[in-house]
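> Here it is: the structure, laid out below.
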Amino acid sequence: MSKWFKTGIFLILIIAVASGSAIYKKSQRFEKCDFDGVHIKPIYRVDAILKNNDAKRFDSIYCAYMWLSENKEPISHIMVRDEVTGEKIDASIAYYVDSEIITNNVNNNRVHAFLKLEDAERHAKSYKGRIVKNPFEKIFMPYKP
């Protein structure tokens, strides 16, 4: 094979890889936090459900707290994810732990949500944490029709 033929094949492969990479990146739709624009990891997702059934999505409890404290949108309820099962749970029934595990490197969120008290206690013991009050309690009064 000639030198030019090998160079041509090499260039075609590079173009194919670059094109495939660009197509893959465009096909991936990552949800972004409505507060800071950071990619939302499903296990740490928080949803503030508005009274009109729209939702504001957040990548951490910190972002949801900051957005709620700065906005007076009519909120119906807040949903967090149980870090053990990934299940959506109402924020009012969750147990929260402030631990050494950071869920968001942008804002250093260290607050975690759990459905079961024993899971929260296990996380607190394993990661030098402590159970804390519902962070949304002071700034959000649930809507009661």
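What follows draws every value from the coordinates through simple rules; no lab data is involved. Just so you know, these numbers come straight off a predicted model, no measurement behind them. Cβ placement follows ideal geometry from the backbone for every residue including glycine, while neighbour counts extend to all protein chains displayed.
> I need the calculated FRET efficiency for the pair Ile93 and Asp36, taking r as the beta carbon distance and R₀ as 25 Å, to the nearest 0.05.
Computed FRET efficiency for Ile93 and Asp36: 0.40.
> Say each of Lys6 and Thr85 gets a label point 7 Å from the Cα, pointing the same way as Cα to Cβ; how far apart are those two points in nm?
Inter-label distance under the simple model: 6.1 nm.
> For the chain, just list the percent of Cα-Cα distances falling in each 10 Å bin from zero outward, please.
All Cα pairs, binned at 10 Å, distribute as 11, 33, 24, 11, 8, 7, 4, 0 percent.
> When only DSSP loop residues count, what trypsin sites (Lys or Arg not before Pro) in segment 70-145 have their Cβ near at most 12 other Cβ atoms within 10 Å? Each step should come with its number before you reach the end.
Numbers: sites: Lys72, Arg81, Lys88, Arg110, Lys116, Arg122, Lys125, Lys128, Arg130, Lys133, Lys138; in loops: Lys72, Arg110, Lys116, Lys128, Lys133, Lys138.
Answer by residue number: Lys72, Lys128, Lys133, Lys138.
> Quick one: angle between helix 117-126 and the longest Cα principal axis of the chain, in degrees between 0 and 90, rounded to 10, please.
60
> Same structure, new question: Would you mind computing, in nm to one decimal, how far apart the modelled labels at His77 and Ser19 are, each placed 7 Å from Cα along Cα→Cβ?
Reported label-point gap for His77 and Ser19 is 5.0 nm.
> Could you pull out the GluC sites (Glu not before Pro) across segment 41-93 that fall in loop regions by DSSP (anything but H, G, I, E, B) with no more than 14 other Cβ atoms inside 10 Å? All intermediate terms of the calculation are to be shown ahead of the outcome.
On the way: sites: Glu70, Glu83, Glu87; in loops: Glu83, Glu87.
For GluC sites (Glu not before Pro) across segment 41-93 that sit outside H, G, I, E and B with at most 14 neighbouring Cβ atoms in 10 Å, the list reads Glu87.
> Further question on the same structure: Before rounding to the nearest 500, sum -39500 (n - 2.57) across all DSSP H runs of length at least 4 in the chain and divide by the residue total; then give [θ] at 222 nm in deg cm²/dmol. Mind showing how you got there, number by number?
Working: 3 runs with 45 residues, N = 145.
For the chain, the value works out to -10000 deg cm²/dmol.
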